Amino acid sequence: MGGCAISLGVMLSSAPVYAAEPATITYYTGDTLERTYIIDKINHASPEDLSPEALSIAVDGSMDIATENGYTRVHLSPGTYTLAHRLNVNKSLILEGTTDDGNNLTTIQLAPQTKPEEKAMLTAASGTKEAPTTIQKLTLDGQWDPASKQLDIYQRGIVLHPLTKLPDPTSPTSPKYYVGWGRKHDVTIQDMTIRNMGGTGIYMEFVDNIKIKGNSRVAGKETNRLENLGYAGIAGYSANNVDVDWTLVDGVGVSGQQAYGMAFSWKKGTTDADQLAEDDPSRFPTTTEGKAAQSTTAYTQGYYRSQHDTVTNSTIMNIPTWEGLDTHSGYDINFKSNHLFGVRFPIVVGGMDYPEEGTENLIAAYPPKDIFITNNFINQDTDGTIYNQSKKTSERGIVATGTKYQDLLKNPSTLGFLVGLTIDDNHVNAIKTTIPSRGGISIHVTKAANIIRNTVTKSEMNGLVFMSSNKKTNMSGNTISGMIDNTGTGKTADIGIRGSHNNGEDSNTYAIPDKPTDAGTNVRDNTLEVSTSFQAILQEAESTSNALQTDTLPTILTQPLESMPAWDYLEKEPNLLPDERSYYEMESGKPLLTNEK
């Protein structure tokens with residue numbers, strides 16, 4: 001191999017200068033070198049000098065050669081490989097590029113594609129637990145220019161999807177349900193740079209046991225990076241057991257459009273039958289009998305919630321229009337030890353929005369469950385220093401909400417409580433808002449939530465926020481300081497009780513004149529800074545339906561909250577984005593995370 005001082009992962013100590021190297025494919029079994037193949041044996045042309053067709057034939061063929069000979073790893077030499085079409089990595093193979101000190105020297109691009117289903121750059125076959133299919137140490141460059149201010153929603157770096165031939169997502173005949181599909185499973189994506197995509201960096205649908213990780217453990221030197229994206233860094237639909245670790249997402253979104261750092265959701269139906277799959281675990285009791293019933297239930301239609309997903313030790317920054325970490329109706333979702341700054345809404349947990357029949361309103365259904373948000377850092381000055389970034393405005397820190405209905409059967413007596421919520425030991429700084437229901441940490445329609453040991457500093461309106469219908473809440477051990485009263489109304493508070501029906505009952509079915517119980521609630525033992533410009537605990541409107549055990553409960557009398565529906569308090573917020581239809585959707589009809597067809 002000539003001309004280049006490093007290849008095959010060998011590293012030099014100082015910044016080297018690389019000469020063009022012949023486009024070369026090397027095969028390994030484990031760490032044993034098996035064979036080396038120079039694509040252009042006559043001219044020893046570099047990847048940049050070969051046609052997309054020639055490169056695609058060679059790289060596609062390398063997958064089959066490796067599989068047929070039992071090789072386990074395919075290595076690409078440095079350079080830019082512009083392929084004629086999407087590349088698929090075969091079962092249990094490792095496809096990798098060349099790196100130097102954490103910098104990926106092998107770049108894959110795609111020749112311009114006209115069909116939406118062809119705009120994905122890489123796909124991968126399912127692997128096994130012992131030998132996952134692996135994509136590593138490559139740069140995927142979509143060459144999208146954010147200055148265009150146009151999403152290219154189907155341009156994606158890596159797509160993990162059950163079908164080998166991706167369906168045309170714009171076609172009315174595109175498969176809607178998962179009949180006969182098996183989940184894509186056991187795929188690892190590590191030490192990648194995925195950049196300049198008009199849509200999503202890593203898109204997953206109906207998957208299980210996916211690892212997305214970087215090997216660097218140093219903030220600011222992440223080796224797994226998703227940068228400059230139109231819609232999302234990582235998006236998972238019906239995604240189970242996805243673990244994201246030590247991954248950077250930097251720069252997502254275009255002006256006036258929704259955008260996500262990492263989100264775990266599911267596709268949208270129109271009725272309970274075609275929304276929630278018959279055999280989804282949430283339809284059954286968590287008992288031996290319930291599990292047995294689930295295992296014998298046949299699937300015919302509907303979608304599955306995302307479940308058992310974890311994001312740890314990752315950094316998400318520069319998303320000025322929308323959300324950093326997000327789940328819609330997810331079960332057992334863990335966001336732990338992540339850093340977010342310059343994100344409009346850093347962490348958001350909620351259900352799904354649907355049109356309300358006969359009105360222009362939207363209703364929410366299918367609440368999330370078992371959500372753990374722990375030891376995350378939002379807008380910390382130290383992160384701005386590490387990444388040399390100036391903070392953009394965040395209008396909320398962490399918000400976790402249930403739903404108006406449990407499901408699309410719309411039983412009016414059953415709110416969709418978020419059960420199993422823990423928000424613990426998070427550090428939230430510099431939330432800027434004038435909306436009363438926003439602040440450092442907000443909860444809405446929850447049951448037995450634990451909001452404990454969090455620190456909120458230098459924020460506006462509220463440090464911690466009760467919206468409506470939070471039952472048996474434990475909000476203790478939190479520290480709130482440096483609140484900023486930017487309204488001059490005296491309604492800023494360390495803890496703001498901004499809605500009704502926050503008490504120790506199990507539901508809202510009691511009669512309003514009766515004082516509900518405060519048993520099981522605990523809003524005590526918090527360290528709350530007080531000032532002449534803001535209060536420690538403030539109940540914005542007198543409400544006999546609020547009953548919380550607190551150290552003190554000053555009250556400002558304005559309007560009785562009993563006249564305000566228990567759910568609708570959240571919906572009183574004004575629309576802030578030009579195209580915003582509701583909290584999760586846009587009137588434009590563009591395919592987004594919650595309504596993509």
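The values are calculated or read from the model by the stated rules, or taken from the named source; none is laboratory data. Here the structure is a predicted model, which is why all the values come from computation and not from measurement. Note that each Cβ is placed from the backbone with ideal geometry, even for glycine, and that neighbours are counted across all protein chains shown. For the accessible areas, the whole protein counts, side chains as well, though only heavy atoms, and no ligand, DNA or RNA atoms are used. Shrake-Rupley method; radii C 1.70, N 1.55, O 1.52, S 1.80 Å.
Considering only region 61-93, state which residues are open to solvent by 50 Å² or more (accessible area, probe 1.4 Å) and part of a helix (DSSP H, G or I).
ASP64, ILE65, THR67, GLU68, ASN69
Looking at region 319-352 only, could you name the residues that are open to solvent by 20 Å² or more (accessible area, probe 1.4 Å) and part of a strand (DSSP E or B)?
Scanning region 319-352 gives PRO320, TYR331, ASP332, ASN334, LYS336, HIS339.
Out of region 455-477, which residues are assigned to a strand (DSSP E or B), open to solvent by less than 10 Å² (accessible area, probe 1.4 Å) and more than 14 Å from PHE534 (Cβ to Cβ)?
In the first step, residues of region 455-477 are kept if they are assigned to a strand (DSSP E or B); the result is 455-457, 460, 462-466, 470-471, 474-476.
Then drop every residue that is not open to solvent by less than 10 Å² (accessible area, probe 1.4 Å), which leaves 456, 462-466, 470-471, 475.
Matches in region 455-477: PHE466, ASN470, LYS471, MET475.
Can you tell me how many residues in region 359-379 are over 15 Å from the mean Cα position of the chain (by Cα) and in a strand (DSSP E or B)?
Within region 359-379, residues that are over 15 Å from the mean Cα position of the chain (by Cα) and in a strand (DSSP E or B) number 9.
Would you confirm whether any residue within region 277-299 is open to solvent by 10 Å² or more (accessible area, probe 1.4 Å), under 20 Å from ASP353 (Cα atoms) and either touching an Asp or Glu at 6+ places or on another chain (Cβ under 9 Å) or in contact (Cβ under 8 Å) with a residue 40 or more places away in the chain (or both)?
yes
For region 500-511, check the following and say yes or no: at least one residue is hydroxyl-bearing (Ser, Thr, Tyr), free of Cβ contacts under 8 Å to residues at least 40 places away in the same chain and open to solvent by 50 Å² or more (accessible area, probe 1.4 Å).
No, region 500-511 contains no residue that is hydroxyl-bearing (Ser, Thr, Tyr), free of Cβ contacts under 8 Å to residues at least 40 places away in the same chain and open to solvent by 50 Å² or more (accessible area, probe 1.4 Å).
Being of a type in the set (Ser, Thr, Tyr) and surrounded by fewer than 21 Cβ atoms within 10 Å (Cβ to Cβ) is the filter here; which residues of region 140-159 pass it?
First, the residues of region 140-159 that are of a type in the set (Ser, Thr, Tyr): 148, 154.
Of everything in region 140-159, just one residue is of a type in the set (Ser, Thr, Tyr) and surrounded by fewer than 21 Cβ atoms within 10 Å (Cβ to Cβ), namely SER148.
Would region 104-127 turn up any residue that is closer than 19 Å to THR247 by Cβ, of a type outside the set (Val, Ile, Thr) and open to solvent by 10 Å² or more (accessible area, probe 1.4 Å)?
yes
Do any residues in region 373-396 that are in contact (Cβ under 8 Å) with a residue 24 or more places away in the chain have Cβ atoms under 9 Å from those of residues that are acidic (Asp, Glu) and assigned to a loop (DSSP other than H, G, I, E, B), where the two are at least six apart or on different chains, and which pairs are they?
Taking only residues 6 or more apart or on different chains, the pairs are THR374/ASP425; ASN375/ASP425; ASN376/ASP425.
What are the pairs, 6+ residues apart or on separate chains, where a residue within region 318-337 that is within 19 Å of LYS149 (Cβ to Cβ) has its Cβ under 6 Å from a residue that is open to solvent by less than 10 Å² (accessible area, probe 1.4 Å) and of a type outside the set (Lys, Arg)?
ASN318/GLY342; ILE319/VAL252; ILE319/ALA259; ILE319/GLY261; ILE319/VAL343; THR321/ALA259; TRP322/GLN258; TRP322/ALA259
Limited to region 430-454, what total is found for residues that are farther than 21 Å from PRO367 by Cβ and open to solvent by 40 Å² or more (accessible area, probe 1.4 Å)?
Number of matching residues: 4.
Given the options ILE363, ILE398, ILE378, name the one that is farther than 27 Å from GLY504 by Cβ and touching a Pro at 6+ places or on another chain (Cβ under 9 Å).
ILE378
Any residue that is polar (S, T, N, Q), closer than 23 Å to ILE373 by Cα and in a loop (DSSP other than H, G, I, E, B) - is there at least one of those in region 500-512?
Checking region 500-512: at least one residue is polar (S, T, N, Q), closer than 23 Å to ILE373 by Cα and in a loop (DSSP other than H, G, I, E, B).
Of the residues that make up region 25-44, is at least one assigned to a helix (DSSP H, G or I), open to solvent by less than 30 Å² (accessible area, probe 1.4 Å) and in contact with a helix residue (DSSP H, G or I) (Cβ under 7 Å, 6 or more places away or on another chain)?
no
Which pairs do you get when a residue that is on the phi > 0 side of the Ramachandran plot, found in region 220-233, comes within reach of a residue that is open to solvent by less than 10 Å² (accessible area, probe 1.4 Å), reach meaning Cβ atoms under 8 angstrom, with the pair 6+ apart or on two chains?
Close Cβ pairs (under 8 Å, with a partner that is open to solvent by less than 10 Å² (accessible area, probe 1.4 Å)) amount to ASN228/MET197.
So that you can scan it fast, the table gives a plain yes or no per residue for (1) in a loop (DSSP other than H, G, I, E, B); (2) of a type in the set (D, E, K, R); (3) under 26 Å from GLY198 (Cβ atoms):
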site: LEU95; (1), (2), (3): no, no, yes
site: ILE108; (1), (2), (3): no, no, yes
site: THR114; (1), (2), (3): yes, no, yes
site: SER126; (1), (2), (3): yes, no, no
site: ALA131; (1), (2), (3): yes, no, no
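Output the strands (runs of 3 or more DSSP E) that fall wholly within region 205-275 and possess 2 or more residues being open to solvent by 10 Å² or more (accessible area, probe 1.4 Å), or say none.
Once the strands (runs of 3 or more DSSP E) in region 205-275 are filtered for at least 2 residues that are open to solvent by 10 Å² or more (accessible area, probe 1.4 Å), what remains is 225-229, 232-245, 248-252.
Select, from ASN575, ASN595, ASN522, the only residue that is at pLDDT 90 or above and either of a type in the set (S, T, N, Q) or surrounded by 14 or more Cβ atoms within 10 Å (Cβ to Cβ) (or both).
The match here is ASN522.
If PRO162 satisfies every condition in (1) free of Cβ contacts under 8 Å to residues at least 60 places away in the same chain; (2) open to solvent by 30 Å² or more (accessible area, probe 1.4 Å); (3) not charged (D, E, K, R); (4) not in a strand (DSSP E or B) but one, which is the exception?
With (1) free of Cβ contacts under 8 Å to residues at least 60 places away in the same chain; (2) open to solvent by 30 Å² or more (accessible area, probe 1.4 Å); (3) not charged (D, E, K, R); (4) not in a strand (DSSP E or B) applied to PRO162, the lone miss is (2).
If you scan region 140-159, which residues turn out to be under 29 Å from SER126 (Cα atoms) and either of a type in the set (Ser, Thr, Tyr) or assigned to a loop (DSSP other than H, G, I, E, B) (or both)? Reasoning before the result, please.
Within region 140-159, the subset under 29 Å from SER126 (Cα atoms) is 140-144, 152-159.
Scanning region 140-159 gives GLY142, GLN143, TRP144, ASP152, ILE153, TYR154, GLN155.
Return the residue satisfying two criteria in turn: it lies in region 380-396 and is of a type in the set (S, T, N, Q) and in a loop (DSSP other than H, G, I, E, B), and of such residues it is farthest from ARG438 (Cα to Cα).
Per the stated criteria, the residue is ASN388.
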